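Q: Before we start, here is the structure in question, set down as structure tokens.
The numbers here are math on the coordinates, done by the rules we state, and not lab data. In this text the structure is predicted, and so the values were computed from the model without any measurement. For neighbour counting, all protein chains shown are included, and Cβ atoms are generated from backbone atoms with ideal geometry for every residue, glycine included.
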Amino acid sequence: MDFRDPFAKAAAGTYQQARAVERDAGLRAYMLKIYNYMASALALTGIVALFTANSPALLSALYQVNGNMVGPSGLGYLVMFAPLGLVLWLGMGIHRMSVGTAQAIFWVYSVLIGLSMATIFLTFTGESIARAFFVTAGTFGAMSLYGYTTKRDLTGVGSFMVMGLIGLLVASLVNIFLQSSALSFATSVIGVVIFVGLTAWDTQRLKANYYEVVGHGEAIAKASIMGALNLYMDFINMFMYLLRFFGDRRN
């Protein structure tokens, strides 16, 4: 009998357990970094939006306000569409750019979204904005936790939600011309459902992505930024659709 075998197996088992604990700790640190990025970006967006809403000079530069009607100026349109360009730039160039550049784009993006969202303070009551935010925060937290802990593969759900998102964008563009209140209500409800599902799917994808980049410091840093951007967009879109769904408009 070889008495070394039990000791070797025990040592191997201990090593594997230690590696598993290390990887779990790394995963938690990675996800915490993503949530910290996202929360900081949301705070920055909210501060910029509130500041802009209370700055007549900024409002007049970005928007044309006529009673209850608020429309973007030329600069306002630039601010509205610039975030799309930043997302495409970051998504396609993240592997070539430095971590510092990726972070800068992420923060600029959150500032531009804040400038774009300033009009919600002119359109909706403060109480309904706060209500929509807390409902969004609770829903987002629950679905992100589900995506992190579930053993179910959410790939099919995510693919379905992405297809639904494309349809939602088309319906929203059509409604710009139709101005249908029924279609607007329907897109708000569907939008909430889509981004609830995307939150769970994106969280699961981020968790799986960690195991692909673990051990590569710069890759983890970039993945954290992209992960925060995805969850940030899920949160913002869910919030906006919820606000349109049950937000109380100012008289």
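Q: Would you kindly derive the ³J(HN,Hα) couplings of the range 178-194 from the backbone phi angles with the Karplus curve 6.51 cos²θ - 1.76 cosθ + 1.60 (θ = phi - 60°), listing them in order in whole Hz, with x for Gly and Pro?
A: Going residue by residue, I get 6, 6, 8, 5, 5, 5, 5, 5, 5, 5, 5, 5, 5, x, 4, 4, 4 Hz, with x marking Gly and Pro.
Q: For the range 100-142 and the range 25-88, compute the distance between their C-alpha centroids and round to whole Å.
A: With the range 100-142 and the range 25-88 each reduced to a Cα centre, they are spaced 7 Å.
Q: Which cross-chain or sequence-distant (5 or more) residues have an amide H under 5 Å from the amide H of Tyr63, H modelled 1.01 Å from N in plane?
A: Ser73
Q: Next question, about the same structure. Picking from Phe106, Phe235, Phe81, which is most flexible by a Gaussian network model of the chain using Cα springs under 10 Å?
A: Of the options given, Phe81 has the highest mean-square fluctuation.
Q: Let me ask something additional. Give me a comma-separated list of calculated 3J(HN,Hα) values for the range 230-239, in order, Karplus coefficients 6.51, -1.76, 1.60 applied at θ = phi - 60°, integers in Hz, x for any Gly or Pro.
A: Residue by residue, the range 230-239 yields 4, 5, 4, 5, 4, 5, 4, 5, 4, 4 Hz.
Q: If amide H atoms are built 1.01 Å from N in the plane of the peptide, which residues on other chains or at least 5 residues away come under 5 Å of the amide H of Phe124?
A: Residues meeting the criterion, in which the H sits 1.01 Å from N, are Arg250.
Q: A further question on this structure: How high is the relative contact order of the chain, in percent, with contacts defined as C-alpha pairs under 8 Å that are six or more residues apart?
A: 28 percent
Q: Going by how many other beta carbons lie within 10 Å of each one, how would you line up Asp248, Asp24, fewest first?
A: On the way: Asp248 14, Asp24 10.
Result, fewest neighbours first: Asp24, Asp248.
Q: Kindly provide the trypsin sites (Lys or Arg not before Pro) of the range 163-251 that DSSP labels as loop, not H, G, I, E or B, and whose Cβ sees at most 13 other Cβ atoms within 10 Å.
A: Arg250
Q: Provide the packing ranking of 123-134, 191-202, i.e. peptides ordered by the mean count of other C-beta atoms within 10 Å per residue, highest first.
A: So the order, starting with the most tightly packed, is 191-202, 123-134.
Q: Mind counting lysine pairs for me in the chain? Cα separation below 25 Å, and the two need to be 8 or more apart along the chain or on different chains.
A: So the count works out to 5.
Q: Cβ under 12 Å from Gly247's Cβ, Gly247 left aside: what net charge do those residues give with Lys, Arg +1 and Asp, Glu -1?
A: +2
Q: Once both axes come from the Cα atoms, what is the angle between helix 4-53 and the longest principal axis of the chain, in degrees from 0 to 90, rounded to 10?
A: 10 degrees
Q: Assign unit charges at the C-beta atoms only (+1 for Lys and Arg, -1 for Asp and Glu), then state the dipole size of the range 27-246 relative to its Cα centre in Debye, rounded to the nearest 20.
A: Dipole magnitude for the range 27-246 comes out near 280 debye.
Q: Right, another one. Mind checking which of Gln179, Gln103, Gln204 has the largest fluctuation in a GNM of the chain, springs on alpha carbons under 10 Å?
A: Highest fluctuation among the options: Gln179.
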